[in-house]
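Let me begin by presenting the structure, written as structure tokens, before commenting on it.
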Amino acid sequence: MTNNFGSVRHPAVTATVIAFPRNAYDFEHSEQRISDTWLLEESVAVGTMRMPFLAVPVGGTRRGGDYPVSCLCFGLKVRDLLLGQPGFPDLGMRWSPCPETCFVVEWGERPPKLGSDRDATTLRRFSATAKQR
């Protein structure tokens, strides 16, 4: 659901950096999935509501990343927060392909176009979320 900017009842929107990436709600999940685990210590734990989530920078084999947000307001705050942070080049926003979120803040290279049987593998290689076996 997107907030109405002109509404008197529009909530205050903030995005803050949490001191330690390990305190992010999804740190352990990301640790199990990412191949370049050193990037986790370079990550930014971003809090937009109650729980902080990781924004993992590009580097190593990771070519791009994103941070899903429920509202354009939060997306703009997260984008502004990541501007100038190392590992977050070419920041932008777009509509999310996932029905649970409205927008995603993206950085690095743009994700590959999806539409074939190899989509999951291609996307994992792009974001380097599959650990090498």
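The values are calculated or read from the model by the stated rules, or taken from the named source; none is laboratory data. Owing to the predicted nature of the structure, the values given are computational and were not obtained by experimental measurement. Cβ sites come from the backbone with ideal geometry, for glycine too, and all protein chains shown count toward neighbours.
Quick notes on this structure:
- Of all residues in the range 82-133, those that are part of a loop (DSSP other than H, G, I, E, B), hydroxyl-bearing (Ser, Thr, Tyr) and at pLDDT below 75 total 3.
- Residue pairs meeting the criteria (Cβ under 7 Å; at least 6 apart or on separate chains; first among the polar types (S, T, N, Q), in the range 85-111; second part of a strand (DSSP E or B)): 85/44; 96/68; 96/103; 96/104; 101/68; 101/69
- Subset tally (residues that are at pLDDT 90 or above and hydroxyl-bearing (Ser, Thr, Tyr)) for the range 43-60: 1
- Single residue of the range 28-64 satisfying the filter (touching a Ser or Thr at 6+ places or on another chain (Cβ under 8 Å) and in a helix (DSSP H, G or I)) that is surrounded by the fewest Cβ atoms within 10 Å (Cβ to Cβ): 31
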